[in-house]
1. Going by the alpha-carbon gyration tensor, a ≥ b ≥ c the square roots of its eigenvalues, is chain B rounded (a/c under 1.5) or, if a/c is not under 1.5, prolate (a/b greater than b/c) versus oblate?
2. Can you sort A:Leu63, A:Leu114, A:Leu237 from fewest to most other Cβ atoms within 10 Å of each residue's own Cβ?
3. Pick out the long, greasy-scoring helices in chain B: whole DSSP H runs spanning 30 Å or more along their own axis by Cα, mean Kyte-Doolittle at least 0.5.
4. Work through the residues other than A:Val83 whose Cβ is under 13 Å from its Cβ and net out their charges, Lys, Arg +1 and Asp, Glu -1.
5. Please report, to two decimal places, log10 I(q)/I(0) for chain A at q = 0.09, 0.15 Å⁻¹ as given by the Debye formula with identical point scatterers on the Cα atoms and no solvent.
6. Give the angle, between 0 and 90 degrees and rounded to the nearest 10, that separates the Cα long axis of helix A:115-128 from the longest principal axis of the Cα atoms of chain A.
7. Sorted from fewest to most neighbouring beta carbons within 10 Å, what does the list B:Trp198, B:Trp311 look like?
8. What angle, in degrees between 0 and 90 and rounded to the nearest 10, separates the Cα long axis of helix A:143-156 from the longest principal axis of the Cα atoms of chain A?
Amino acid sequence: MTKLLDVSDITVKVDDKILLSDTSFQLQQGDYLCVLGPNGAGKSTLLKTLMGIIKPTAGTIFLNQQSLSQLSQKHLAQQLSYVPQAHGRQLHFTVADFIKMGRYAYHTAFSDWLAEDQHAMDQAISITDTEPFLHRQMNTLSGGEVQRVMIAAALCQQTPLLLLDEPTSFLDPHHQVEVHQLIRQLNEQHNITIIEVSHDLNHAGQHSKHILALKQGKTLWYGDSSDLLQASHLHDLYGQQFVFTNHPQTGAVVALPSESP
Amino acid sequence: MKPVTTLILITLVTFVILIISPYFGLSTTTDPDIQHYILAQIRIPRVLIAFIAGSGLALCGMVFQAMFNNPLATPFTLGVASGASLGATLYVYLGLSLSFLGVDGSTVAAFSGALIAISFVYSISHFRKGFSSETLLLTGVAISFFFSSLILFTQYLSNVTDSFRILRWLMGGLSIVGYHDVIQLLPFVSLCAAIILWLTRELNLLMAGDDIALSRGVAVQQVRYLLFFVTSLCVGAIVALCGPIGFVGMMVPHICRLLIGSDHRWLAPATLLFGGGFLVLCDVIARLIIAPTEIPVGVITTLLGGPFFLWLLIKYKAQST
């Protein structure tokens, strides 16, 4: 099986400050990678580098065997889409218009809206179940609804790879579960490769396939997500003791920050 | 109302304004030849200049509002027009009379001033990430003050004639004779309008935020540079000819947004037409309000714009908190 994404030894320096050093990982189609780490670990830098916002000072990134630095922004957008953090920005679009804008990379100023564009849009709407509020203004939606629309717009881009930047922070528990279910569905049923930046250890440990743990710009460890929930790993990562128990319903291991004595 | 219906209505109203406005004004003569001369050589070119300048200023305002994602950001509030004014003032002070490839030297001077101001605002807002809209506007105010004091300084050093010329021009006026100025201004504003109309999808995405625009495939940096360049050119050309006519770029796009929505594919043509019609109307008022004396049109737009700015500021504050 060929690699979808091959990141090797990338280093990002801004004004002599090393934000990310010697980071490497590979993803295959259908993978689900969670990027964890304390604040300032370089998670956002990694996402920005993958999106082409920041150029790595050293190292290479290959996406579908093409070097990222060779891709135009439009070609990159046909390979990789992005869901931002929910942060209550005012968006003055209807939901339908916003999702439609996901097709930007396939058009020029004068090209027509084709059947395949409509198909991509319909599919994105049906997967995310955004039909009920399609004609509402974005700024009238709840946080959970906005995130579903954000995911729909990213799906409309029809990319093999989807980046999510803490997609559930600032959402209430019900909407967190809902958005996480949707992400898993995209990965499992639609074979979309996911890279998710998260602070939710238990979600990452249970649902993702691989974990990249970053600390101060360095890769602390990279491996199967089943290895994440261990006291030593978590202590190294966050400098915090954790205790473990089993989920009463599913029996899965759950980590909880321990109370200081 | 559907956007297309609104746009047709705006087009019709603009057309009516354009056709009837040359006939408004003081007439002290009954001689048909003189009346014809006044209409053809003074009134019609004046209406055309007002329309072109109004369209250009309104479109540039719209672009700034989208790019800075802030309804209060316009070439005027961010000090770009002051930069252009300083360029043109220095040109008058130095007594230069140059032209580059048929373009008037004062246009080039104003364009340079605008470009310097815009680079200033942009590098400051870029240098400090997470720039709040308040800080952005305050930067603009500071830049405006700085350039204004340089203009005053230049004026102080000038002789009486130049000083008066600068003063009248700074008030923003459209008193022109013949078609030379129309032909000077039209290419700049047309080019600028064409590029803005071509980039309406990019403007929509920029309004959603740089990260979203980038991930959808917009080459954000290049689009920004291109837009900064053409808006500087457009504002520079208008300011060199008509002086800094304030607030058109803030009021018109905002009113159009209320009428037709935020989708730039509709908003841009609406703003172009409405901006033109609006300045033509303001100029009619400026000609008639204390006839036979004309007041500079910039005084009218600023009288309307000041309260509008305050209203927007209060409304915008209430929304964001």
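Readers should treat all values here as calculations from the given coordinates under stated rules, not as data from a laboratory. Bear in mind the structure is a predicted one, so any value in this text is a computation, not a measurement. Positions of Cβ are backbone-derived with ideal geometry, glycine not excepted, and every protein chain shown enters the neighbour counts.
1. On the way: a/c = 1.74, a/b = 1.25, b/c = 1.39.
In terms of gyration-tensor shape, oblate.
2. Working: A:Leu63 24, A:Leu114 12, A:Leu237 21.
Neighbour counts put them in this order, fewest first: A:Leu114, A:Leu237, A:Leu63.
3. Values: long enough: B:44-67 (34 Å, 1.70); B:105-127 (33 Å, 1.36); B:133-157 (36 Å, 1.40); B:220-242 (32 Å, 1.75); B:264-288 (36 Å, 1.16); B:297-320 (33 Å, 1.05).
Correct list, ordered by number: B:44-67, B:105-127, B:133-157, B:220-242, B:264-288, B:297-320.
4. Numbers: positive: A:Arg148, B:Arg216; negative: A:Asp165, A:Glu166, A:Glu196, B:Asp211.
Residues near A:Val83 contribute -2 overall.
5. For chain A, the Cα-only Debye profile gives -0.42, -1.15.
6. That works out to roughly 40 degrees.
7. Values: B:Trp198 14, B:Trp311 11.
Going from sparsest to densest Cβ surroundings: B:Trp311, B:Trp198.
8. For A:143-156 against chain A, the angle is about 70 degrees.
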